[in-house]
Every structure is written in structure tokens, then in C-alpha cells.
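**Student:** Got a structure for you, written out below as C-alpha cells; questions coming shortly.
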Amino acid sequence: MKKDKYLFFALIFFNFLFSQEKIDKNKEDKIYFTYLKKSNYRIKDSNVYGDSLMFAIDFPYLKPRKTKFSNDSLNSEFFLPVSSFKNENKTKLVGILYHSNEQIEGVYDTKKNKTTLQIKRDDFELKNLFRTHFNENYQKFKYTIILDYNKQKIYYKYPSSSYSFNFSEMFKKIEYNDDTFLEGNYLSQTKEYIQNNKVLFNNKLNPKIGTDIIFSNQKFGLIKIVTVFETVELLTENN
């Protein structure tokens with residue numbers, strides 16, 4: 001009876017070790033990372049701050065004032081009182097802030113050669129700003145982006161719709177500053193203008209660490225993107 005009892009516990013123990021080893025191995029097959037995307041507009045003391053180019057593109061009929069700390073460069077910091085944004089301008093600013101402030105939680109599966117990005121809009125600070133300055137409700141939102149490197153396709157999955165594109169349709173090319181491949185710029189274009197965006201990389205990170213912006217010549221993991229309108233920055237990485 002005692003032998004059976006010891007055998008029973010031994011089987012449980014070895015089964016636990018085997019399961020734990022399997023879990024640990026699965027963890028090794030995945031790389032977890034988190035980005036924070038923030039609008040380059042910021043609200044402080046009932047004022048909206050941003051550089052001159054942002055205001056000129058988004059709100060061409062408003063006349064922002066330069067802050068006293070600004071230098072004479074083209075992209076000096078300007079501001080407008082929140083009360084200046086009325087009707088369509090108010091709606092547009094609220095929309096920009098809502099869509100440009102997101103948390104991106106990513107998992108790259110090394111075996112499947114696939115990245116899954118969970119994008120969340122759940123910003124407590126922004127919720128309070130909406131209520132305080134705009135008398136608007138802030139709605140939580142979540143959607144998924146999947147980058148399949150084997151199929152060379154990217155999938156956008158929203159609660160009520162989904163889309164897919166080939167990588168070749170989405171590719172951006174980085175113009176690196178030097179042969180370290182750690183800093184560079186890439187262009188993005190709309191009907192109205194062309195943006196020159198800055199990118200930074202870390203040579204210790206897997207090159208599959210990134211967002212849904214697909215670079216044809218990325219060498220290392222992405223740590224930062226700075227555009228005229230938004231900044232995306234790597235917060236955590238767990239390899």
C-alpha cells in the first residue's frame with residue numbers, strides 16, 4: 001500500500017516537472033514587448049501645446065501663440081487655449097487625441113514566425129481630460145493586428161470589421177544615418193503632405209520587435225518612432 005502511495009506521488013511530481021519544463025520551453029519560443037503611442041499634442045493648464053507644423057496642418061484657421069520658452073526653429077512649441085477649439089475643431093482635436101494615444105502589447109512567436117499586437121485605448125488620464133476640458137465621454141476600445149512573416153501578410157481585426165494587406169503594400173524603407181543601423185528616417189505620405197519620420201533601434205533586440213509599420217530593411221528591434229503628430233516608444237521587452 002505504501003509503495004503504491006509513493007508511486008502515486010512520484011508520478012504527480014514527475015508530471016509536474018514535465019509540465020513546468022513544457023511551459024518554460026513555450027515561454028522561450030515567444031518574445032513579449034509593449035509600446036506606448038502618444039499624441040504630440042499635450043494639454044496642460046487648459047492649454048493645448050504642440051509644434052507649429054502640427055497646428056498648421058490640423059488647424060490651419062487657428063492662430064496659436066509661441067511659448068516664451070520656444071526657440072526660433074521651424075518646429076517651436078506653440079499653444080492655444082482649449083476654449084479656442086469649438087465645433088468642428090473641437091471634434092477633430094478629440095478624435096486626434098483618442099486615436100493617437102494607445103498601448104500596444106505584442107507577442108512574437110518564434111516558431112510560427114508571427115507577431116500578434118493587441119492595441120488598447122484605455123487611458124485614465126485622457127478620460128479625465130475629455131471630461132474636464134471637452135465634456136466628452138471616453139470609450140475604451142481594443143483591436144488586434146497580426147503580422148504573418150511566412151505569408152508576408154498583415155491582418156487588422158476590429159470588433160466589427162477586418163482587413164488584410166500584403167507586406168509589399170505596406171513596406172517603408174529606412175534611410176540610416178550610418179552603418180550601425182541604429183538611427184534613421186523614413187517617409188510616409190498622405191494626399192496632403194509627406195512626413196519625414198525618425199526611428200531608433202537597439203542592436204540587442206530581435207528585429208521582429210516592432211509595430212504594424214513594416215520596414216523592408218529593419219536590422220534590429222524598434223525602440224522609438226517620432227513623427228510630426230505622434231511618438232511611439234518601447235516600454236518593456238521580455239525575451
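The values are calculated or read from the model by the stated rules, or taken from the named source; none is laboratory data. Everything numeric here is computed off the predicted structure, so don't read it as measured data. Virtual Cβ from ideal backbone geometry, glycine too; neighbours counted across all protein chains shown.
**Student:** Only one of these conditions is not met by LYS142: (1) within 18 Å of ASP109 (Cα to Cα); (2) touching a Pro at 6+ places or on another chain (Cβ under 9 Å); (3) of a type in the set (Lys, Arg). Which number is it?
**Tutor:** Single failed check for LYS142: (1).
**Student:** Out of contact with any helix residue (DSSP H, G or I) (no Cβ under 9 Å at 6 or more places or on another chain) and aromatic (Phe, Trp, Tyr): is that true of TYR108 in this structure? Give the steps one after another, and end with the answer.
**Tutor:** Working: out of contact with any helix residue (DSSP H, G or I) (no Cβ under 9 Å at 6 or more places or on another chain): yes; aromatic (Phe, Trp, Tyr): yes.
It is true that TYR108 is out of contact with any helix residue (DSSP H, G or I) (no Cβ under 9 Å at 6 or more places or on another chain) and aromatic (Phe, Trp, Tyr).
**Student:** Suppose we filter GLU237, GLU230 for residues that are within 22 Å of GLU105 (Cα to Cα), at pLDDT below 95 and surrounded by 15 or more Cβ atoms within 10 Å (Cβ to Cβ); which single one remains? Can you show your working first?
**Tutor:** Values: GLU230 fails: at pLDDT below 95.
One residue alone meets the criteria, GLU237.
**Student:** Separate question: Can you tell me which of (1) assigned to a strand (DSSP E or B); (2) over 20 Å from GLN103 (Cβ atoms); (3) touching a residue at least 40 places away in the same chain (Cβ under 8 Å) is the one ILE145 doesn't meet?
**Tutor:** It fails just one condition, (2).
**Student:** Would you check if ASP72 is out of contact with any strand residue (DSSP E or B) (no Cβ under 7 Å at 6 or more places or on another chain), surrounded by fewer than 10 Cβ atoms within 10 Å (Cβ to Cβ), modelled with pLDDT under 90 and among the acidic types (Asp, Glu)? Don't jump to the end; show me each part of the working.
**Tutor:** Numbers: out of contact with any strand residue (DSSP E or B) (no Cβ under 7 Å at 6 or more places or on another chain): yes; surrounded by fewer than 10 Cβ atoms within 10 Å (Cβ to Cβ): yes; modelled with pLDDT under 90: yes; among the acidic types (Asp, Glu): yes.
Considered against the rule, which asks whether it is out of contact with any strand residue (DSSP E or B) (no Cβ under 7 Å at 6 or more places or on another chain), surrounded by fewer than 10 Cβ atoms within 10 Å (Cβ to Cβ), modelled with pLDDT under 90 and among the acidic types (Asp, Glu), ASP72 comes out as yes.
**Student:** Taking the conditions exactly as written (exposed (fewer than 15 other Cβ atoms within 10 Å of the Cβ), among the acidic types (Asp, Glu) and more than 26 Å from GLY95 (Cβ to Cβ)), does ASP148 satisfy them or not? Quick ask: steps written out before the conclusion?
**Tutor:** Numbers: exposed (fewer than 15 other Cβ atoms within 10 Å of the Cβ): no; among the acidic types (Asp, Glu): yes; more than 26 Å from GLY95 (Cβ to Cβ): yes.
Against the criterion (exposed (fewer than 15 other Cβ atoms within 10 Å of the Cβ), among the acidic types (Asp, Glu) and more than 26 Å from GLY95 (Cβ to Cβ)), ASP148 does not qualify.
**Student:** Of the numbered conditions (1) surrounded by 13 or more Cβ atoms within 10 Å (Cβ to Cβ); (2) outside any strand (DSSP E or B); (3) in contact (Cβ under 8 Å) with a residue 12 or more places away in the chain; (4) out of contact with any helix residue (DSSP H, G or I) (no Cβ under 8 Å at 6 or more places or on another chain), GLU136 satisfies every one except a single condition; which is it?
**Tutor:** Of (1) surrounded by 13 or more Cβ atoms within 10 Å (Cβ to Cβ); (2) outside any strand (DSSP E or B); (3) in contact (Cβ under 8 Å) with a residue 12 or more places away in the chain; (4) out of contact with any helix residue (DSSP H, G or I) (no Cβ under 8 Å at 6 or more places or on another chain), only one is false for GLU136: (4).
**Student:** Please name all residue pairs, on different chains or six or more residues apart, with Cβ atoms under 6 Å, provided the first residue is in the stretch 33-47 and is within 10 Å of GLU102 (Cβ to Cβ) and the second residue is in a strand (DSSP E or B) and aliphatic (A, V, I, L, M).
**Tutor:** What qualifies is TYR35/ILE104; TYR35/VAL232; TYR35/LEU234; LEU36/LEU235; LYS37/VAL232.
**Student:** Out of GLU233, GLU237, I need the residue that is farther than 23 Å from ASN40 by Cα, touching a residue at least 60 places away in the same chain (Cβ under 8 Å) and part of a strand (DSSP E or B). Which one? Quick ask: steps written out before the conclusion?
**Tutor:** Numbers: GLU233 fails: farther than 23 Å from ASN40 by Cα.
When all the criteria are applied, what remains is GLU237.
**Student:** Next question, about the same structure. With respect to the numbered conditions (1) surrounded by fewer than 18 Cβ atoms within 10 Å (Cβ to Cβ); (2) assigned to a helix (DSSP H, G or I); (3) in contact with a helix residue (DSSP H, G or I) (Cβ under 7 Å, 6 or more places away or on another chain), which one is the sole condition not fulfilled by LEU126?
**Tutor:** Unmet for LEU126, out of (1) surrounded by fewer than 18 Cβ atoms within 10 Å (Cβ to Cβ); (2) assigned to a helix (DSSP H, G or I); (3) in contact with a helix residue (DSSP H, G or I) (Cβ under 7 Å, 6 or more places away or on another chain): (1).
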